[in-house]
């Protein structure tokens, strides 16, 4: 079961901020603002083309073009190496082929595993065919490299004689070879792009000596062809089909492909009219590769670079964080036959679900005009089926700024699906054709700090764009024009930090060899960790190693605690795997405004200085008093009431507000504001009534940040020129109140005996990563406390792999 989240008028908005062009390099990961949460990105400087991954010794080996000298423009590249077992988390393995070779720098190419030793470098050697940049003319040839150490390093077979020489004269663009094994003809096949004209086909028996066979000319409308691809795949009608693909320029600059027939020397497409795997501006240099689990060749993987050469260096991630280069999410490809035509279907890789950390099921939402959702975020997946009977335009506005000037809109208009990048650094709009008579569409949208990817109707179409939106642009709005629509089964899912996963060091406690010096009370945790699912428990998944904390010992009826020894906080993040029941630590009352002053540590300016809460009897009031800016001057009174700084440790800030409708940013505003580092992140105002209504700000993405609240009244209007505020509560639900049952299943961080961080499960036996920003406690003594005080349904907790790290894992 997932968290519930209410839908309503926007309760808070994020501030517009101007980002300083001060680079926060990778040695200061906590300062990175644009690092993607769940997409692969280069550690530093620049990346562009991915190289087709290969599978060796239980891992996929992925290489990409990397420029360590990038300073706003990329010149020469190296091959940087990563490995992965699931195509979601990639472990950096360093440089495999350096950029400065004796005869040129490596550009794109491809690698194969030479299982049968056809090249003579040894069975299982990795053999690469690479374009080498031989100088300012780009007069590239194709050269053989090989690796006998598992892909860690490569050696050139020859530095004097290329394997495939530039056929020239005057052919400066000749590159990006792609190798594929042709089993039917017992030969290797290489495709080499001649970008201004088409693709050449070459064959070889030994990967070193190649023979030209034929040429596939670029069809009309395509002015540029590079990064060719070639593969055989089983379609859903059980036939094997050959497919040629390439990244193109012209009417479209993305991945084009042609199913067809290969006779060992010539490729004949079913039609010369290209099909498109992605309709977005930023899905380029894509490569497909075999899914080793698909023994019948019915599924492949796909990787692509989220960028394009018309705007390669427009990247806030570089100016702010010192890196530029993100890949689209790894996609799963299938081949579908429809009316005699074969087309590729692409969907996000299923393994991404293994990194889901939390989800919100919003149900069906009826919209006629616009509806702002309470959810705020920069990294998530949104799934919905949108249906309508008659309207002009329907859209989801992602990453929306508070003033509505910036967002990514994904919608359907007339005869196309569109992505509109309302981004002042790169205003763009892309279209994918769609039935103008259709009355529904299913959308899966992947949003991350630097990317937006849209999958239409289960992957029949896709659109990808890169983003430079400010990290504080977090709003989410549903929109219609000229009619109403139903956004059905709206689900939002967040994911763990894959960069943190790849860099995580050894666990502080993995619970594989006992509790060690951790201490227990009660009976819920027993005398040692569990080794998996316990009796009568639903299957427990997502844990690592040989053991985990599982308080289902004896069922949900047992209670107890498990507490770590004291340790000194030495890293900015504490992360751990968490599962079990959703029973949070009770909410904290931050201020009920029942005293004679505004509260301990609160300050005030203007008419409110030296004053305090007012006795009142408003609808929905709690207690005898509220904070009322009518005090000491009536509607003419102005000033601010400011809270002390506090660390955001809960998912929601809730309070009750009434009074005048004078929103923030307007002249003479009267509002409540959440302020972080001098910027207003959330704000709310009254609705011109004296009835207190509840406002809930979703601050889960800001946990660990230092914030304060401001009650601001700059209004002197004689018509409700004041606001009333009551019951500010910090909790884990949007309905948090004081006096909740104290029966948590939670993990707590205690400093000085006080709980400073807390989190509960999600009513799931699948463990997911959670992370706390604890940088403000570095150098202080702390303890972790795992608590099970609940005896109702889901009255247990599962924990594993406590890690101290420089990046979040959750």
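When each of 437, 481, 460, 453 is tested for being farther than 30 Å from residue 678 by Cβ and out of contact with any strand residue (DSSP E or B) (no Cβ under 7 Å at 6 or more places or on another chain), the lone residue that passes is 437.
Would you confirm, using the coordinates I've provided, whether residue 108 is crowded, with 23+ Cβ neighbours inside 10 Å and under 25 Å from residue 314 (Cβ atoms)? In short, yes. Of the residues 385, 378, 371, the single one that is in contact (Cβ under 8 Å) with a residue 40 or more places away in the chain and touching a helix residue (DSSP H, G or I) at 6+ places or on another chain (Cβ under 8 Å) is 378.
Residue 751 fulfils the conditions (1) under 25 Å from residue 708 (Cα atoms); (2) touching a helix residue (DSSP H, G or I) at 6+ places or on another chain (Cβ under 8 Å); (3) buried (at least 20 other Cβ atoms within 10 Å of the Cβ) except for a single criterion, (3). All of 339, 281 fail the test of being at pLDDT below 95 and buried (at least 24 other Cβ atoms within 10 Å of the Cβ), apart from 281.
Among the residues of segment 228-264, those that are crowded, with 16+ Cβ neighbours inside 10 Å and not in a strand (DSSP E or B) comprise 252, 253, 254. Summed over segment 785-810, the residues that are farther than 30 Å from residue 34 by Cβ and touching a strand residue (DSSP E or B) at 6+ places or on another chain (Cβ under 6 Å) give a count of 10. Quick check, is residue 597 modelled with pLDDT of 95 or more and more than 44 Å from the chain's Cα centre (by Cα)? The answer is yes for residue 597.
Taken as a whole, the condition of being assigned to a strand (DSSP E or B) and touching a residue at least 60 places away in the same chain (Cβ under 8 Å) applies to residue 443. Residues that are in contact with a helix residue (DSSP H, G or I) (Cβ under 7 Å, 6 or more places away or on another chain) and farther than 21 Å from residue 518 by Cα are absent from segment 776-799 altogether. Counting only residues that are more than 19 Å from residue 572 (Cα to Cα) and outside any strand (DSSP E or B), how many does segment 461-509 have? Selection size over segment 461-509: 11. Among the residues of segment 696-726, those identified as more than 21 Å from residue 609 (Cα to Cα) and either assigned to a strand (DSSP E or B) or modelled with pLDDT of 95 or more (or both) are 696, 697, 698, 706, 707. Residues of segment 605-619 that are in contact with a strand residue (DSSP E or B) (Cβ under 6 Å, 6 or more places away or on another chain) and in a loop (DSSP other than H, G, I, E, B): 605, 613, 616, 618, 619.
The single condition among (1) over 24 Å from the mean Cα position of the chain (by Cα); (2) within 18 Å of residue 524 (Cβ to Cβ); (3) surrounded by fewer than 24 Cβ atoms within 10 Å (Cβ to Cβ) that residue 790 does not satisfy is (3). One residue stands out in segment 158-208 among those that are over 19 Å from residue 107 (Cα atoms) and in a loop (DSSP other than H, G, I, E, B): the one that is modelled with the lowest pLDDT, namely 170.
Residue-wise test of (1) in contact (Cβ under 8 Å) with a residue 24 or more places away in the chain; (2) within 24 Å of residue 59 (Cβ to Cβ); (3) assigned to a helix (DSSP H, G or I).
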residue	(1), (2), (3)
293	no, yes, no
307	yes, no, no
310	yes, no, no
318	yes, no, yes
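The residue of segment 430-455 that is surrounded by the most Cβ atoms within 10 Å (Cβ to Cβ), among those that are under 19 Å from residue 364 (Cα atoms) and under 21 Å from the mean Cα position of the chain (by Cα), is 445. Among the residues of segment 69-104, those identified as assigned to a strand (DSSP E or B) and either within 26 Å of the chain's Cα centre (by Cα) or closer than 21 Å to residue 225 by Cα (or both) are 79, 80, 81, 82, 83, 84, 91, 92, 93, 94, 95.
The one condition from (1) closer than 24 Å to residue 328 by Cα; (2) in a strand (DSSP E or B) that residue 151 does not meet is (2). Applying a threshold of 7 Å to beta carbon distances and a minimum spacing of six or more residues, or different chains, the list of pairs starting in segment 670-689 at a residue that is not assigned by TED's automatic domain parsing to the domain that holds residue 640 and ending at one that is part of a loop (DSSP other than H, G, I, E, B) is empty. Residue-level analysis places residue 639 outside the set of residues that are under 17 Å from residue 607 (Cα atoms), in contact with a strand residue (DSSP E or B) (Cβ under 9 Å, 6 or more places away or on another chain), assigned by TED's automatic domain parsing to the domain that holds residue 696 and surrounded by fewer than 18 Cβ atoms within 10 Å (Cβ to Cβ). Filtered by the rule that a residue be surrounded by 19 or more Cβ atoms within 10 Å (Cβ to Cβ) and in a loop (DSSP other than H, G, I, E, B), segment 350-376 gives 374, 375, 376.
Being out of contact with any helix residue (DSSP H, G or I) (no Cβ under 7 Å at 6 or more places or on another chain), closer than 21 Å to residue 230 by Cβ and either outside the structural domain of residue 452 (by TED's automatic domain parsing) or at pLDDT below 95 (or both) holds for only one residue in 357, 310, 271, 319, and it is 271.
Whether any residue in segment 771-780 is surrounded by fewer than 23 Cβ atoms within 10 Å (Cβ to Cβ), free of Cβ contacts under 8 Å to residues at least 24 places away in the same chain and not assigned by TED's automatic domain parsing to the domain that holds residue 617 is what I want to check. For segment 771-780, residues surrounded by fewer than 23 Cβ atoms within 10 Å (Cβ to Cβ), free of Cβ contacts under 8 Å to residues at least 24 places away in the same chain and not assigned by TED's automatic domain parsing to the domain that holds residue 617: absent.
Do you know which residues across segment 565-594 are within 32 Å of the chain's Cα centre (by Cα) and outside any strand (DSSP E or B)? Within segment 565-594, 569, 570, 571, 572, 581, 582, 584, 585, 586, 587 qualify.
Could you please let me know if residue 671 is part of a helix (DSSP H, G or I) and surrounded by 17 or more Cβ atoms within 10 Å (Cβ to Cβ)? Spelling it out, it is not the case that residue 671 is part of a helix (DSSP H, G or I) and surrounded by 17 or more Cβ atoms within 10 Å (Cβ to Cβ).
Out of all the residues in segment 648-665, is one or more surrounded by fewer than 17 Cβ atoms within 10 Å (Cβ to Cβ) and more than 15 Å from residue 711 (Cα to Cα)? No, that holds for no residue.
The values are calculated or read from the model by the stated rules, or taken from the named source; none is laboratory data. Every value quoted in this text rests on a predicted model; they were computed, and no experiment measured them. Every residue, glycine as well, gets a Cβ built from its backbone with ideal geometry; the counts of neighbours run over all protein chains shown.
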